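First up is the structure itself, then whatever we jot down about it.
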Amino acid sequence: MSSQADQSAPASRYDFAALEAKWRPYWDELGLYRTGNDPAKPKKYILDFFPYPSGEGLSVGHCRNYVPTDVISRYYRMRNFNVLHPIGWDAFGLPAENAAIKLKTNPAKLIAKYSANYKRQMNLIAASYDWDREINSSSPEYYRWTQWIFLLLYHSWYDRRRDQARPITELEAELERSGTQELKLPAEVPALTSTQWRAMSLAERRRYLSNFRLAYRAASAVNWDPVEKTVLANEEVIDGRGWRSGALVERKTLQQWFFRITAYAERLLADLDTIDWPESIKAMQRNWIGRSEGAEVTFKTTAGDLVIFTTRPDTLWGATFMVLAPEHPFVPQLTTAAQRSHVAAYVAAAKEKSEQTRTAETRDKTGVFTGSYALNPVNQEQIPIWIADYVLLEYGTGAIMAVPAHDQRDFEFARKFDLPIRIVIEPPGQTLRPEDMTEAWPHEGVMVNSAHFDGTPASEAVSKVIAWLEQTGKGSGRVLYKMRDWLISRQRYWGTPIPIVHTEAFGEVPVAPENLPVLLPEVPNYEPTETGESPLAAIDSFVNVTLPDGTPGRRETDTMGTFACSSWYFLRFASPREDQAPFDRQAVNYWLPIDLYVGGAEHAVMHLLYSRFWTKVLYDRGLVPFVEPFKKLRNQGMLLSYDNQKMSKSRGNVITPDAVAAVHGVDALRVYILFMGPFEAETKWEEAGVKGASRFLQRFWALARDLATATFVEPSGEREREFRRMLHATIKRVTHDLEDFAFNTAIAALMELLNFFYDCRRGQTVVGVTAGLWREGLEVFTRLLSPIAPFLAEEVWQEMLGHRGECVQRLPWLEYDEAALAVAEINVVIQVNGKLRGQLTVPVAIDEERLKQAALASTQIKKFVEGKAIKKVIVVPRKLVNIVVG
RNA sequence: GCCGGGGUGGUGAAAUUGGUAGACGCGCUGGACUCAAAAUCCAGUGGGAGCAAUCCCUUGCGGGUUCGAGUCCCGCCCCCGGCACCA
C-alpha cells in the first residue's frame, strides 16, 4: 500500500501503513502508555505471562494473548484508572542456552537480540506496554533479588502449629529452650531435646535445621533429563519426558536443592476457592496437589514397625497380605533365605525399569513373596508380606495393606498369586461372596467380618475406625498429598546462581544479603556435563571463595531453574528500578494483587503453582499483604494454523503478525484476532477472516470520508430517536462485553451499528437524521473502536471528524444513557401451545390484560385457536403471550 | 478409570433469570457499476414441501420436568484438555 494518494479523486481505500507510521510516534511522544500515577485514581494491574524470548519471534498465536490484554488496558485507561501494563523477559533458561551453544555465542547476546525482536513485534501490533518498566530476569539487578528471596526461604521454616513460615532464628531459639517437644514435627524428622541440640556442632545444627528450612539441600531420587543434561522438577516431567526436550527422563540419586512447597499444600488447595480462575486450571492444581484423607496404621514385622497409609481404614479387617515397594528399606531384612534369590532378581529388575516403562507397560501385576509376615493390629492376624512395583516408594509410606475384596489392584494381585480374598464391606441388604467376584467391590457399604464394628454403616465407618485406632494406639488419622517438594537446582550455566557456599567446618553457609548478587561468571565455555555436575564447577575463580572470617569454601555450582525467576517477577514491575529491596513495599501494596493475568494453560501446575507458593511465603514473612497474586486468570485459546495444526517452525505453517500487518494492517489484525471466536476457545486461522475485519474497517473509514460531502434529507424525530437508541445500545453492549472478555460480540455490536449507519444512507444521502446527529454517531463509533483499532480511530477522530490535537484515547470512555434506550413500542410474540404463531407491536407500557386481549384478538392465531378450548393464557410482559389450547 | 471443558447452518460462531434459535463475520447465489476483472454497493442464504400465502422439521442421542427447553433434571454417545497402579 503506498502513501501517495490520488490527488484528483477521493481515495477509495485508506492507507493503513501511512496511519501507523503517523500515529505511533505521536502516542510515544504523548506518553500514552506510561503507567498512570495519579494517587486519586483507582488502579488496574493487567499482566501477560512473562514471555521467554526465542529466535522464532512472535506468531499471530501470541497476539491472541497480547491484543486482548492491550484492549483491556486501553479501556481501563479511558475509564480513568491508573493502569500498570508492563512486560519483561524471562531470559534465563535452557532454550537460550542451548541455542547459544549451537550458534557458538553467548546466551546474554542472544536474549538481547531475541527480546529486541519481540519488542519490535509488540510495538508493531500496538501492544501498549510501559517500556520504562521493562525487566530482564538474567540481569544482575534482577537476579540479585531472586537470590535474596532464595535466602529468605533458606532462612525460613514452616511452623505447623501456626500454619505459617517464620524466621529460622525463632526455631533455633525454641530448640535451645525446649527442643522439639512443643513442635508439630513431621514424621520423618527426628525429635530432639534441648540438651541434644546444645551438644551439636554448628555443622550438625545446620544439617538438622535443613529438615525445616523452606529451601534445603537433600539427596533424593530425581528426574534426570539426558538431553538437557540436568535434573528437572516433577512439574516439568510430562508423560515421563522432559517438558521441553521430550527426552525420557532417568532416575538418578543426587544432592539437590528443593523448596518445601509441600508445607503449603493445604493452603494452596484451600485458597483456590477464593480466586477467579478457569475451572480447568483449578482442577489441575487440585489434582496435582492430590489430597487424600485416611489413616496411618502400624503393622509389626521382624524388621520393625511397618507403617502403612490407607484411605479405607474401614477395610482393615479385610487385609489378607501386605505389599512393599521394591525399594522399601525393610525389604532386605524381611527377605528370608529361601526367598532371597527371587527377591533380589525382582528388585534388580524393578530398578532397571524407568518410571516410564514401569507405568507404560501393561498393568499386569507382578510381585514376589518375601517369606515374612506382618501382624495386623486390628485382629492379630499374621499376613504375608510381598513386594511389587505397583506400590510406589514416593507416595505414602511405600507400603500398603492389601484388601483384595475392596481394591481392584489388590484383587488382581490376589487372583494372580492365589492369595485369600475376604469380604468386609457389603452393600446394605446384600451379600457378597469371594468366589463370585470378577472384580473388587470398592464402594462404601456396611462393615462385616470386622469384629465389634460389624453393622457400622458407610457414613460412619471411616471416622469411627480412625477414632478407635487413635484410642488404642494402633494408628491415627492422616492427610496425604501427592505433590512433592519443588526441585530447583539445575546443572546448567544459564541461570541464577544459588547463593550458598559449602565449607568443611560449618557445612553450607548462606551468602550474606549485602554480598549479593553472586554474579554468574562470563565465560566462553559453559557446555553441560554428563556427570550431573554443573559447568560452573569447572570455573575455579567462581568456585573457590574465602569467607570473611578466612574460612575457605566452595560455591554451590548449581543454578536455579527459571521458574524461580518467574515466581516473583510480577512484584518487580511495581518498582522495577528499586535497588534496596526486591520491591518497594508501598508500590506493591498499591498495585498488587494483579487484577487480570493472561497466558496459556500450559503453566497450570508450574509457574501458576510456584508463584502462589512464593506469594504465601512472602505473606507469612510480612513482605506482602495478600496471599494470592493473581485475582483473575484467563487462558487464551490456542490458535491453530490454516492446516488445523499447531503453528511450528518445523511444519512451516507459522503466521507472523508482521506478514499479516503488511498486507491488511495492524488494526485489521487486531480486529480479526478479537473477532475470530470466544477468547478462551481454540480457533483456526482463516485468511478470509482478516479480509472481513479489513472490510469492516474500510467501510467505517469510507463513511467518515464521505462526511464532508454527504447531504441530509427528511429528518424525522422518530428516526432520530431510533438512531440515538442504537448509539446508546451499542455503548452499553461494547462496555459490558469488554468487561466480560467477550471481544467477539463487542465487535459484532460495532458491526451492527455500522450496518445501521449504512441503512441510513442512500448513496451519498443520509435519510432521516440531521448532520449533527450523524456526526455524533460517527464520533461514538470512533471512540468505541479506539481501544480495538487505535490507528484508524485516531485518524478518523483527529483528521476526519476535525478534532486535531485531541488524542481520542485520552477522552473518557462513553457512558450510555438509559433514557435514550427507552422505546415506545415493542414486539411481542404470540405462541399457541408454545409454538410461534404471530407477532404484535404494542406500546411498551401496555398492561397484561390488554396485551392478553390483543393477542387473543389477533387474526394470525385464529386458525390455531378456532374450535378449541382455551385452557390457559400465559403473559410474559414485554416478551410474549402463550395461548394454551386443548 | 478419575477430574475439567465441550457438541448449535456449508463455515467461525451468537443467544441475561427457561421466553421469536442461528445475531455478527466468512463463504456462496443473484443484481448494479466496469470493455473486463478486482474492489465496492444492493438483495438473498438452516433443512424440507409448495406457484404462493403458508406449513413441517431442526441446537450429539433417548427420556423427563414445564404453558414453553440450546438453556433445567435423568440415562447414554462422541470430541478436546489434564491426571493416572497415588493405596
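The values are calculated or read from the model by the stated rules, or taken from the named source; none is laboratory data. All values derive from a computational prediction rather than experimental measurement. Neighbour counts run over all protein chains shown; Cβ positions are idealised from the backbone, glycine included. Accessible surface areas use protein heavy atoms only, side chains included; no ligands, DNA or RNA. Shrake-Rupley method; radii C 1.70, N 1.55, O 1.52, S 1.80 Å.
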For residue A:862, solvent-accessible area (1.4 Å; no DNA, RNA or ligand), Å²: 120 Å²
Rounded to 10°, Cα long-axis angle of helix A:771-785 versus longest principal axis of chain A: 10 degrees
Interchain or long-range residues, amide H under 5 Å from residue A:441's placed H: A:406, A:407
Accessible area, probe 1.4 Å, largest first, for residues A:874, A:168: A:874, A:168
CD proxy at 222 nm, helix term only [per DSSP H run n ≥ 4: -39500 (n - 2.57); per residue of chain A; nearest 500]: -10500 deg cm²/dmol
Percent of beta bridges antiparallel (DSSP, chain A, rounded to nearest 5): 75 percent
By average C-beta atoms within 10 angstrom, highest first, the peptides A:141-148, A:339-346: A:141-148, A:339-346
Cleavage-rule hits (GluC sites (Glu not before Pro)) in segment A:810-886: DSSP loop, at most 16 neighbouring Cβ within 10 angstrom: A:815, A:866
Between segment A:507-534 and segment A:255-290, the Cα center-to-center distance that results, in Å: 30 Å
Calculated from backbone phi, Karplus (6.51, -1.76, 1.60) coupling profile of segment A:478-492 in Hz, x at Gly/Pro: 7, 10, 10, 10, 7, 4, 9, 5, 7, 7, 10, 6, 10, 8, 9
For peptides A:484-491, A:740-747, A:375-382, sequence by mean Cβ density within 10 Å, most packed first: A:484-491, A:740-747, A:375-382
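Express in nm, to one decimal, how much length is gained between residue A:519 and residue A:238 on full extension, taking 0.36 nm for each residue of separation and deducting their alpha carbon distance.
Fully extending the segment from residue A:519 to residue A:238 adds 97.9 nm.
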Cα shape, chain A, gyration tensor, a/c 1.5 rule: oblate
Principal axis dimensions, segment A:344-486 - Cα atoms, whole angstrom, descending: 47, 39, 28
Rel. contact order, % - alpha carbon contacts under 8 angstrom, at least six apart, chain A: 13 percent
Principal-axis tilt of helix A:107-124 within chain A, Cα atoms, nearest 10 degrees: 30 degrees
Interatomic Cα distance distribution for segment A:167-315, bins of 10 angstrom, percent: 9, 23, 31, 29, 9, 0
Estimated vicinal HN-Hα couplings, Hz - segment A:61-72 in sequence order (Karplus 6.51, -1.76, 1.60; Gly, Pro = x): x, 4, 4, 5, 8, 7, 5, x, 5, 5, 4, 4
Formal net charge of residues neighbouring residue A:701 (Cβ-Cβ distance under 13 Å; K, R +1; D, E -1): -2
Surface accessible to a 1.4 Å probe, residue A:423 within the full protein complex, Å²: 10 Å²
Accessible surface, 1.4 Å probe, highest first, among residues A:131, A:568: A:131, A:568
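Between residue A:13 and residue A:352, what length in nm is gained on full extension when 0.36 nm per residue of separation is reduced by their alpha carbon distance?
Values: separation 339, 0.36 × 339 = 122.04 nm, distance 6.94 nm.
Fully extending the segment from residue A:13 to residue A:352 adds 115.1 nm.
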Cut-off under 5 Å, modelled amide H: who pairs with residue A:498 long-range: A:560
Largest to smallest accessible area among A:803, A:443, A:406 [probe 1.4 Å]: A:443, A:803, A:406
Segment A:311-434 - share of DSSP beta bridges that are antiparallel (%, nearest 5): 75 percent
Surface per residue (accessible, 1.4 Å probe) for chain A, Å²: 44 Å²
Those chymotrypsin sites (Phe, Trp or Tyr not before Pro) in segment A:404-457 that DSSP places in a loop and that have at most 13 other beta carbons within 10 Å: none
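List, in the order given, every pair from A:684/A:732; A:646/A:691; A:184/A:631; A:300/A:464 whose Cα-Cα distance in the structure shown is over 27 Å.
Listed pairs above 27 Å: A:684/A:732; A:184/A:631.
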Whole-Å distance, taken between Cα centres, linking segment A:814-866 and segment A:539-565: 80 Å
Rg ratio (alpha-carbon, reference 2.2 N^0.38 Å) - segment A:232-373: 1.33
For segment A:309-352 and segment A:576-639, distance of Cα centres in Å: 44 Å
For segment A:880-886, 3J(HN,Hα) per residue [Karplus equation, 6.51 cos²θ - 1.76 cosθ + 1.60, θ = phi - 60°, Hz, x = Gly/Pro]: 7, 10, 10, 9, 9, 10, x
Among beta bridges that DSSP assigns inside segment A:523-647, antiparallel share in %, nearest 5: 50 percent
Nonlocal amide H pairs with residue A:679, under 5 Å, H built at 1.01 Å: A:743, A:744
Residue A:23 - accessible surface, heavy atoms, 1.4 Å probe, Å² rounded to 10: 10 Å²
Accessible area of chain A belonging to carbon and sulfur atoms, whole % at 1.4 Å probe: 51 percent
